[in-house]
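Okay, so here's the structure we're looking at.
The values are calculated or read from the model by the stated rules, or taken from the named source; none is laboratory data. Computed from a predicted model, the values in this text were never measured in an experiment. As a convention, Cβ positions derive from the backbone with ideal geometry for all residues, glycine included, and neighbour counts pool all protein chains shown. What goes into the accessible areas is simple: the full protein's heavy atoms, side chains included, and nothing from ligands, DNA or RNA. Shrake-Rupley method; radii C 1.70, N 1.55, O 1.52, S 1.80 Å.
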Amino acid sequence: MTRLSLPIIEERNLLWSGALILVGAFFSLAFACAAPLAGFAAIAALTSTRRNALALTAAVWLANQLVGFTMLHYPLDVETLAWGGALGIIALVCCETARFAARMSIGAGAPFATLAASFLVYEGALFAITRAIGGDVSHYALASVARIFAINACALFGLWAFGLVCAAIGAGRRQVASLRV
């Protein structure tokens, strides 16, 4: 599987996980219901082992829900709670889908494949649930879905770039440290 190599910010390192969760909370605050859970599931799948990717995806979802209910004042009704739970399950399925796409993709195409797979599952599941419960699917128009995709792509590739910068800084620090010895 293609995995972003982060020598200084390994998957067990709380700094990388904390950064993803904080950025996830920021996106939740900025975009509310359009938080890029598919993009976060994809970056988690690319940078972590299966267990850690699922845990990280769940933590980003939880941060999204905490921001929603405490700061954005989501209503505490059965429908909102059910949608919140559904988003969590869908995000975990997106993470698994992204991991599969990463295994099937070649080299530099992995981030694109993971994002595409994760996003298709995410939006497809939301559309299917909305349709099944008789909800209004007009907000799944191409312009709306394209906007949500752009938000997810910005999240994934912004975090990817952040990870690469951190890896480069870490490699530089290790090189300087080895010269001192």
| message | For the condition in a helix (DSSP H, G or I) and either in contact (Cβ under 8 Å) with a residue 60 or more places away in the chain or under 9 Å from the mean Cα position of the chain (by Cα) (or both), what is the one hit in A38, A30? | response | A38
| request: Can you tell me which residue within the stretch 158-171, out of those that are open to solvent by less than 70 Å² (accessible area, probe 1.4 Å) and either outside any helix (DSSP H, G or I) or touching a Leu at 6+ places or on another chain (Cβ under 8 Å) (or both), is farthest from T47 (Cα to Cα)? | output: G170
| said: Against the conditions (1) touching a residue at least 24 places away in the same chain (Cβ under 8 Å); (2) in a helix (DSSP H, G or I); (3) over 20 Å from F149 (Cα atoms); (4) open to solvent by 40 Å² or more (accessible area, probe 1.4 Å), where does L92 fall short? Just the number, please. | reply: (3)
| message | open to solvent by 20 Å² or more (accessible area, probe 1.4 Å) and at pLDDT below 95: which single residue out of A30, A45 fits that description? | response | A30
| query | Can A86 be described as surrounded by fewer than 16 Cβ atoms within 10 Å (Cβ to Cβ), touching a residue at least 24 places away in the same chain (Cβ under 8 Å) and assigned to a helix (DSSP H, G or I)? | reply | yes
| task | Give the residues of the stretch 98-112 that are under 23 Å from F162 (Cβ atoms) and either part of a helix (DSSP H, G or I) or open to solvent by 60 Å² or more (accessible area, probe 1.4 Å) (or both), sorted by residue number. | result | A98, R99, A101, A102, G107, A108, G109, A110, P111, F112
